[in-house]
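Working notes, structure below.
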Amino acid sequence: MNKTKLNKSMIFLFPTEMEAAKLRELRPDLDIRICGVGAVECAMEVARILRTERKPLLLCGIAGAYDRNLQKGDVVAVTEERYAHISTGYLDSYHATIEIDDLPTAISNTVSHCGMEADGATIENMEGAALFAIAKAEGVPCAEIRAISNYVGEERSEWDIPLALERLTETILNLNLEEE
């Protein structure tokens with residue numbers, strides 16, 4: 001990990017406005033952007049951002065857990081991302097370059113649909129590997145935090161998105177965001 005610290009001038013990326021809304025309301029001073037759902041949408045938005053800005057990026061959102069030791073509402077810092085739907089022979093992994101203190105860590109699969117095999121990952125999401133890959137290629141510091149809304153394979157009616165969003169926002173508000 002490099003020495004970049006979480007700071008107030010970084011860009012906070014969320015897949016959806018629903019995930020960003022409460023933080024936007026409570027912290028209008030933060031640079032909050034919507035990257036879209038899925039790896040392609042996220043990659044396009046990050047590429048647009050990096051054409052004109054070189055600020056550190058923090059991806060925030062909900063995730064499904066493979067690991068049943070994680071509880072709904074738990075918030076984790078993702079340290080490694082992989083594309084789950086790429087053949088193992090071509091699989092690459094990407095790593096966060098900003099360390100987030102005081103959060104448990106997770107390895108995540110970026111998936112195109114819910115329910116891919118865990119293959120050593122503890123959570124799944126739909127955007128993380130795209131951010132990590134582009135940030136790595138462009139030399140821009142990045143990190144990711146996710147709040148658990150469900151267990152992989154659960155029916156959507158069993159997901160607890162409100163709890164996950166509450167805890168995600170609470171966690172971001174409690175991060176040690178330094179001045180630039």
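The values are calculated or read from the model by the stated rules, or taken from the named source; none is laboratory data. The structure displayed is predicted, hence computed values, not measured ones. Here the Cβ positions follow ideal geometry from the backbone for every residue, glycine too, while neighbour counts run over all protein chains shown. Just the protein is used for accessible areas: all its heavy atoms, side chains included, with ligands, DNA and RNA removed. Shrake-Rupley method; radii C 1.70, N 1.55, O 1.52, S 1.80 Å.
List of remarks:
- Where a residue in region 79-94 is over 15 Å from Val111 (Cβ atoms) and its partner, wherever it lies, is modelled with pLDDT of 55 or more and surrounded by 12 or more Cβ atoms within 10 Å (Cβ to Cβ), with Cβ under 6 Å and at least six apart: Thr79/Ala96; Thr79/Thr105
- Filter result (of a type in the set (A, V, I, L, M) and either under 21 Å from Glu170 (Cβ atoms) or assigned to a strand (DSSP E or B) (or both)) within region 16-54: Met18, Ala20, Ala21, Leu23, Leu26, Leu30, Ile32, Ile34
- Screening region 134-164 for residues that are farther than 27 Å from Ala47 by Cβ and assigned to a helix (DSSP H, G or I) and picking the one that is most open to solvent (accessible area, probe 1.4 Å) gives Arg156.
- Subset of region 64-93 [part of a strand (DSSP E or B), over 11 Å from Glu144 (Cα atoms) and either open to solvent by less than 40 Å² (accessible area, probe 1.4 Å) or modelled with pLDDT of 80 or more (or both)]: Gly64, Ala65, Arg82, Ser93
- Qualifying positions in region 165-175 - among the aliphatic types (A, V, I, L, M) and either out of contact with any helix residue (DSSP H, G or I) (no Cβ under 7 Å at 6 or more places or on another chain) or open to solvent by less than 40 Å² (accessible area, probe 1.4 Å) (or both): Leu165, Leu168, Ile172, Leu175
- Filter result (under 25 Å from Asp101 (Cβ atoms), charged (D, E, K, R) and open to solvent by 20 Å² or more (accessible area, probe 1.4 Å)) within region 1-52: Lys3, Lys5, Lys8, Lys22, Arg24, Arg27, Asp29, Asp31, Arg33
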